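K.L.:
Just dropping this structure here.
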Amino acid sequence: MKRFTIVCRLLVTSVPHVLGYADSPGEAVTMARKFTQEGKRDVRIGDGQVEKHFDTESFAKEYGVR
């Protein structure tokens, strides 16, 4: 099972929609930024080990990803 989950908020419900999974912080940030550029709203990255969700740039800062 992959550690990081990339999700976005659906406009109709408050349930997050899973966009993808990543093994590394760098991969997660790259995927999240790509989804944001494609027009997805409120893209967040979840860390399965600490059970927290971050917005893309906060996650990148927290994990030292550029």
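Every number in this text was worked out from the coordinates using simple rules, so none of it is lab data. Since the structure is predicted, the reported quantities are computational estimates derived from the model, not experimental observations. In this analysis, Cβ positions are derived from the backbone assuming ideal geometry, glycine residues included, and neighbour counts consider all displayed protein chains.
K.L.:
If neighbour count is taken as other Cβ atoms inside 10 Å, put 53, 17 in order from fewest to most.
P.N.:
Working: 53 15, 17 11.
Ranking 53, 17 by Cβ neighbours within 10 Å, fewest first, gives 17, 53.
K.L.:
Test of understanding: extend the Cα→C-beta vector of residue 18 to 7 Å, then name every residue of segment 38-55 with backbone N under 18 Å from that spot.
P.N.:
Output list for this probe position: 43-54.
K.L.:
At residue 58 and residue 11, where each label point lies 7 Å from the Cα along Cα→Cβ, what is the point-to-point distance in nanometres?
P.N.:
Each label point lies 7 Å from its Cα, and together they span 2.4 nm.
K.L.:
Using mean projected area of the Cα convex hull in nm² as the read-out, say which of (1) 4.2; (2) 4.5; (3) 5.4 was calculated from these coordinates.
P.N.:
This structure yields the entry labelled (1).
K.L.:
If each residue of separation counts as 0.36 nm, what is the full-extension length gain between residue 40 and residue 65 once their alpha-carbon separation is subtracted?
P.N.:
On the way: separation 25, 0.36 × 25 = 9.00 nm, distance 2.09 nm.
This chain segment gains 6.9 nm when fully extended.
K.L.:
Output ³J(HN,Hα) for segment 48-57: one whole-Hz value per residue in order, computed from phi by the Karplus curve 6.51 cos²θ - 1.76 cosθ + 1.60 with θ = phi - 60°, and x for Gly and Pro.
P.N.:
x, 7, 9, 6, 9, 10, 10, 6, 4, 6
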